[in-house]
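Report on the structure given below.
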Amino acid sequence: MSGHGPEIDGTSAAVDLFWIPLGAGAHVVRLSGRLFEAISALVQRRQPCALFHSALEVRVPEGRFVIEMTPIPDTDGLYRGVVAEGPVGTRWAGRFRVFRYEVRRWREGTIPDVGAAIGSPVRLTDELAVARGILGTLPSIPVPVWGRDELHAGEMWNSNSVVSWTLARAGIDGSSLRPPGGGRAPGWDAGLVAAARSRDRSGA
(Lines give C-alpha, C1' and ligand atoms only; values in the text may rest on other atoms or scores of the structure.)
Protein backbone atom coordinates (compact mmCIF):
# COMPACT_ATOMS: atom_id res chain seq x y z
CA MET A 1 0.00 0.00 0.00
CA SER A 2 1.39 3.37 -0.92
CA GLY A 3 1.00 6.44 1.29
CA HIS A 4 -2.23 8.42 1.17
CA GLY A 5 -0.89 11.94 1.63
CA PRO A 6 1.97 14.31 0.90
CA GLU A 7 5.50 13.59 2.03
CA ILE A 8 6.09 14.26 5.72
CA ASP A 9 8.94 16.60 6.67
CA GLY A 10 10.73 16.89 10.00
CA THR A 11 7.96 18.76 11.78
CA SER A 12 4.70 17.46 10.28
CA ALA A 13 2.58 14.35 10.68
CA ALA A 14 -0.74 12.79 9.72
CA VAL A 15 -3.14 10.29 11.27
CA ASP A 16 -5.71 8.76 8.90
CA LEU A 17 -8.61 6.46 9.73
CA PHE A 18 -9.88 3.86 7.23
CA TRP A 19 -13.35 2.31 7.27
CA ILE A 20 -13.29 -1.06 5.52
CA PRO A 21 -16.48 -3.09 4.98
CA LEU A 22 -16.32 -6.17 7.19
CA GLY A 23 -15.28 -9.22 5.20
CA ALA A 24 -14.03 -7.35 2.12
CA GLY A 25 -12.17 -10.05 0.25
CA ALA A 26 -13.18 -12.77 2.74
CA HIS A 27 -16.47 -14.46 1.86
CA VAL A 28 -16.80 -16.42 5.13
CA VAL A 29 -16.16 -13.35 7.31
CA ARG A 30 -18.68 -11.34 5.30
CA LEU A 31 -21.40 -13.96 5.71
CA SER A 32 -20.75 -14.49 9.41
CA GLY A 33 -20.78 -10.71 9.92
CA ARG A 34 -24.14 -10.41 8.22
CA LEU A 35 -25.53 -13.20 10.39
CA PHE A 36 -24.21 -11.52 13.53
CA GLU A 37 -25.74 -8.18 12.52
CA ALA A 38 -29.06 -9.76 11.60
CA ILE A 39 -29.33 -11.36 15.05
CA SER A 40 -28.18 -8.16 16.79
CA ALA A 41 -30.72 -6.09 14.87
CA LEU A 42 -33.50 -8.54 15.74
CA VAL A 43 -32.64 -8.48 19.44
CA GLN A 44 -32.33 -4.67 19.47
CA ARG A 45 -35.43 -4.22 17.28
CA ARG A 46 -33.78 -2.14 14.57
CA GLN A 47 -32.85 -2.43 10.93
CA PRO A 48 -29.56 -4.25 10.11
CA CYS A 49 -26.61 -2.02 9.22
CA ALA A 50 -23.47 -2.48 7.17
CA LEU A 51 -20.56 -3.51 9.41
CA PHE A 52 -17.10 -1.97 9.21
CA HIS A 53 -13.57 -2.82 10.32
CA SER A 54 -11.20 0.06 11.06
CA ALA A 55 -7.48 0.64 10.70
CA LEU A 56 -5.07 3.55 11.07
CA GLU A 57 -2.21 4.95 9.05
CA VAL A 58 0.19 7.16 11.00
CA ARG A 59 2.78 9.24 9.19
CA VAL A 60 5.66 10.82 11.11
CA PRO A 61 9.13 11.96 10.00
CA GLU A 62 10.48 8.51 10.95
CA GLY A 63 8.17 6.77 8.46
CA ARG A 64 4.65 5.55 7.75
CA PHE A 65 3.04 3.03 10.11
CA VAL A 66 -0.18 1.05 9.83
CA ILE A 67 -2.06 0.06 13.00
CA GLU A 68 -4.51 -2.81 12.87
CA MET A 69 -5.69 -5.96 14.62
CA THR A 70 -5.56 -9.07 12.41
CA PRO A 71 -5.30 -12.84 12.63
CA ILE A 72 -1.73 -14.11 13.00
CA PRO A 73 -0.64 -15.42 9.58
CA ASP A 74 2.76 -16.82 10.60
CA THR A 75 5.51 -16.57 13.20
CA ASP A 76 7.25 -13.55 11.65
CA GLY A 77 5.55 -10.96 13.83
CA LEU A 78 8.71 -8.86 14.13
CA TYR A 79 8.53 -8.10 10.40
CA ARG A 80 4.96 -6.80 10.79
CA GLY A 81 5.76 -4.71 13.86
CA VAL A 82 3.56 -6.76 16.18
CA VAL A 83 3.37 -5.17 19.63
CA ALA A 84 0.74 -7.40 21.29
CA GLU A 85 -1.14 -10.68 20.89
CA GLY A 86 -4.36 -11.94 22.43
CA PRO A 87 -6.68 -14.95 22.37
CA VAL A 88 -9.69 -15.44 20.11
CA GLY A 89 -12.94 -16.87 21.47
CA THR A 90 -11.58 -18.32 24.73
CA ARG A 91 -8.35 -17.98 26.70
CA TRP A 92 -7.51 -21.67 26.54
CA ALA A 93 -7.77 -21.68 22.72
CA GLY A 94 -5.17 -18.92 22.60
CA ARG A 95 -2.48 -21.53 23.12
CA PHE A 96 -2.79 -22.19 19.39
CA ARG A 97 -1.71 -19.58 16.84
CA VAL A 98 -4.88 -19.98 14.77
CA PHE A 99 -6.86 -18.79 17.80
CA ARG A 100 -4.80 -15.67 18.52
CA TYR A 101 -4.84 -12.16 17.09
CA GLU A 102 -2.03 -9.67 16.71
CA VAL A 103 -1.88 -5.89 17.03
CA ARG A 104 0.41 -4.36 14.44
CA ARG A 105 2.45 -1.17 14.39
CA TRP A 106 3.87 -1.98 10.97
CA ARG A 107 6.39 0.41 9.49
CA GLU A 108 5.77 0.84 5.75
CA GLY A 109 3.19 -1.93 6.11
CA THR A 110 -0.04 -2.70 4.29
CA ILE A 111 -3.72 -2.74 5.24
CA PRO A 112 -5.44 -5.71 3.58
CA ASP A 113 -8.46 -4.73 1.49
CA VAL A 114 -7.74 -1.01 1.92
CA GLY A 115 -8.89 -0.61 -1.68
CA ALA A 116 -12.42 -1.45 -0.51
CA ALA A 117 -12.44 1.30 2.13
CA ILE A 118 -15.42 3.65 2.00
CA GLY A 119 -15.31 7.36 2.78
CA SER A 120 -11.62 7.01 3.59
CA PRO A 121 -9.09 8.09 4.56
CA VAL A 122 -10.48 10.32 7.29
CA ARG A 123 -7.80 12.77 8.45
CA LEU A 124 -7.92 12.92 12.26
CA THR A 125 -4.95 15.13 13.06
CA ASP A 126 -1.77 16.66 11.68
CA GLU A 127 -0.18 17.14 15.10
CA LEU A 128 3.20 15.46 15.41
CA ALA A 129 2.96 15.00 19.18
CA VAL A 130 -0.38 13.19 18.86
CA ALA A 131 0.87 10.96 16.04
CA ARG A 132 3.92 9.97 18.06
CA GLY A 133 1.68 9.48 21.09
CA ILE A 134 -0.34 6.93 19.14
CA LEU A 135 2.77 4.98 18.20
CA GLY A 136 4.15 5.17 21.72
CA THR A 137 1.04 4.10 23.61
CA LEU A 138 0.10 1.14 21.42
CA PRO A 139 2.34 -1.48 23.14
CA SER A 140 0.42 -0.92 26.40
CA ILE A 141 -2.94 -1.87 24.85
CA PRO A 142 -5.00 -4.45 26.77
CA VAL A 143 -5.41 -7.83 25.07
CA PRO A 144 -8.70 -9.35 26.28
CA VAL A 145 -10.36 -12.22 24.47
CA TRP A 146 -11.51 -11.24 20.98
CA GLY A 147 -15.26 -11.50 20.48
CA ARG A 148 -16.12 -11.38 24.18
CA ASP A 149 -16.85 -8.62 26.68
CA GLU A 150 -14.12 -9.69 29.08
CA LEU A 151 -13.55 -6.08 30.18
CA HIS A 152 -17.27 -5.57 30.97
CA ALA A 153 -17.30 -2.58 28.63
CA GLY A 154 -20.78 -3.24 27.26
CA GLU A 155 -19.77 -4.93 24.00
CA MET A 156 -17.20 -7.32 22.59
CA TRP A 157 -13.51 -6.53 22.10
CA ASN A 158 -12.31 -6.62 18.49
CA SER A 159 -10.31 -4.73 15.85
CA ASN A 160 -12.43 -1.60 16.21
CA SER A 161 -11.76 -1.60 19.95
CA VAL A 162 -8.02 -1.50 19.25
CA VAL A 163 -8.35 1.54 16.99
CA SER A 164 -10.70 3.51 19.26
CA TRP A 165 -8.62 2.69 22.37
CA THR A 166 -5.45 3.85 20.64
CA LEU A 167 -6.98 7.12 19.47
CA ALA A 168 -8.54 7.87 22.85
CA ARG A 169 -5.33 7.18 24.75
CA ALA A 170 -3.50 9.59 22.45
CA GLY A 171 -6.05 12.33 23.12
CA ILE A 172 -8.26 12.07 20.03
CA ASP A 173 -11.99 12.10 20.80
CA GLY A 174 -13.38 9.04 19.07
CA SER A 175 -16.90 9.30 20.46
CA SER A 176 -18.22 11.07 17.36
CA LEU A 177 -16.37 8.93 14.81
CA ARG A 178 -18.69 6.53 13.03
CA PRO A 179 -18.57 4.57 9.76
CA PRO A 180 -20.07 6.11 6.61
CA GLY A 181 -23.61 5.55 5.40
CA GLY A 182 -25.11 4.79 8.78
CA GLY A 183 -22.92 1.72 9.19
CA ARG A 184 -21.82 0.19 12.49
CA ALA A 185 -18.40 -0.59 13.95
CA PRO A 186 -19.06 -3.18 16.68
CA GLY A 187 -16.48 -2.97 19.45
CA TRP A 188 -15.71 0.72 18.94
CA ASP A 189 -17.31 1.83 22.21
CA ALA A 190 -15.55 -0.95 24.13
CA GLY A 191 -12.23 0.63 23.23
CA LEU A 192 -13.40 4.04 24.39
CA VAL A 193 -14.59 2.62 27.72
CA ALA A 194 -11.30 0.77 28.28
CA ALA A 195 -9.28 3.88 27.43
CA ALA A 196 -11.30 6.02 29.85
CA ARG A 197 -10.66 3.50 32.62
CA SER A 198 -6.93 3.60 31.83
CA ARG A 199 -6.95 7.38 32.10
CA ASP A 200 -8.80 7.21 35.42
CA ARG A 201 -6.22 4.76 36.83
CA SER A 202 -3.37 6.92 35.58
CA GLY A 203 -4.93 9.98 37.18
CA ALA A 204 -5.40 8.16 40.44
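Could you go through segment 64-87 and let me know if any residue there is modelled with pLDDT of 70 or more, of a type in the set (Lys, Arg) and more than 22 Å from Trp165 (Cα to Cα). Within segment 64-87 (the criterion being modelled with pLDDT of 70 or more, of a type in the set (Lys, Arg) and more than 22 Å from Trp165 (Cα to Cα)), the answer is no, since none of the residues qualifies. If you go through segment 33-42 one residue at a time, do you hit one that is among the polar types (S, T, N, Q), modelled with pLDDT under 80 and within 20 Å of the chain's Cα centre (by Cα)? No, that holds for no residue. Scanning segment 43-61 for residues that are surrounded by fewer than 18 Cβ atoms within 10 Å (Cβ to Cβ) and at pLDDT 95 or above yields one hit, Pro61.
Part of a loop (DSSP other than H, G, I, E, B) and under 24 Å from Leu128 (Cβ atoms), is that true of Ser198? Taking the combined requirement at face value, the residue does not satisfy it. Screening Arg107, Arg100 for residues that are buried (at least 17 other Cβ atoms within 10 Å of the Cβ) and among the basic types (Lys, Arg) leaves exactly one candidate, Arg100. Would a scan of segment 116-123 turn up a residue that is under 16 Å from Gly63 (Cα atoms), at pLDDT 95 or above and assigned to a loop (DSSP other than H, G, I, E, B)? No, segment 116-123 contains no residue that is under 16 Å from Gly63 (Cα atoms), at pLDDT 95 or above and assigned to a loop (DSSP other than H, G, I, E, B). Being among the hydroxyl-bearing types (Ser, Thr, Tyr), assigned to a loop (DSSP other than H, G, I, E, B) and touching a Lys or Arg at 6+ places or on another chain (Cβ under 9 Å), is that true of even one residue in segment 93-110? Taking every residue of segment 93-110 in turn, none turns out to be among the hydroxyl-bearing types (Ser, Thr, Tyr), assigned to a loop (DSSP other than H, G, I, E, B) and touching a Lys or Arg at 6+ places or on another chain (Cβ under 9 Å). Screening Ile118, Ile134 for residues that are among the aliphatic types (A, V, I, L, M) and more than 28 Å from Asp74 (Cα to Cα) leaves exactly one candidate, Ile118.
Looking at Ser164, Ser159, Ser120, just one residue is in contact with a His (Cβ under 8 Å, 6 or more places away or on another chain) and crowded, with 17+ Cβ neighbours inside 10 Å, and that residue is Ser159.
The values are calculated or read from the model by the stated rules, or taken from the named source; none is laboratory data. A quick note: this is a predicted structure, and the numbers were derived from the prediction, not measured. Counting neighbours? That spans all protein chains shown, and the Cβs are built from the backbone with ideal geometry, glycine included.
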